[in-house]
Amino acid sequence: MRNEASADWGMVLIGIWFISQLNPGIPFFEAGNIINQLTADWRIDPYAPMFLVPQALGVALNAFGFVMLVSVLLKPVRGRFRLILATLMSGFILKFATAALMLRAPLMDSWLGPPAIFGLSAGIIAGFLCMGLAYRPRLLLATLLVFAGGLLSKMSGVYDALDETLRLFDWPFDRYGNFASLTKSLHEVWPVIAVIFLSYCFIRYQPKPEPKPETKSESQSFS
């Protein structure tokens, strides 16, 4: 990133995103909570178009925006693709590990449903294809995509009461309730903080002036 202070705040933002991944009850790059397939009133078909399309589109926008966000935090180094992929894989592994530890056995993979699979594939591919854009267009794309993805995910996500959400976990309620509430709150507020941060960076960004070409008279004076 062009400003070192902004880059530091950007790293804090990525750190908050990692902390929010510690809650396996939240779908990957989605909003709300995973569907409890153990309850008798579970009637949602994950492949129904009215359920699959909005959520998959929200995941795609979120993943696309996240790739653009990380790309503007990194200097134009040669290994930028690998660093972004490593960030995504680290979040994926963190979510998988906490799901294996905390979720009930039949629900261990519920955080990675069909919307997440389709949306992640499309969003990451689109993000890597746009990696060659200039800094300012990537910054604008990140702002718009994080806003649109967060809004669409919130509109199409599944939201249950906290006591119903805690039933997803194989963990004592009195020990996990505060942690689940904190990580869920961080996950919900993260898109808002990211949009504010990216908007600030977009407004404050000033491209470096290009050096003036050396005139013929000036080059002769030094000869």
For this session: Just grab the label-to-label distance for R204 and L101, each label 7 Å out from Cα along the Cβ direction, in nm (one decimal).
Result: 3.5 nm
Problem set entry | Neighbour-count ranking [beta-carbon atoms within 10 angstrom, fewest first] of R104, R138 | R104, R138
For this session: May I ask you to sort S71, S121, S6 by Cβ crowding, counting other Cβ atoms within 10 Å and putting the fewest first?
Result: S121, S6, S71
For this session: Report the label-to-label distance for L144 and S185 in nanometres (one decimal), using points 7 Å from each Cα along the Cα→Cβ vector.
Result: 3.4 nm
Exercise. Can you sort F92, F29 by how many other beta carbons sit within 10 Å, fewest first?
Worked result: F92, F29
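Just so you know, all these numbers are worked out from the coordinates, no wet-lab data involved. These numbers come from a predicted model, not from an experiment. Neighbour counts are summed over all protein chains in view; Cβ atoms, including those assigned to glycine, are modelled from backbone coordinates with ideal geometry.
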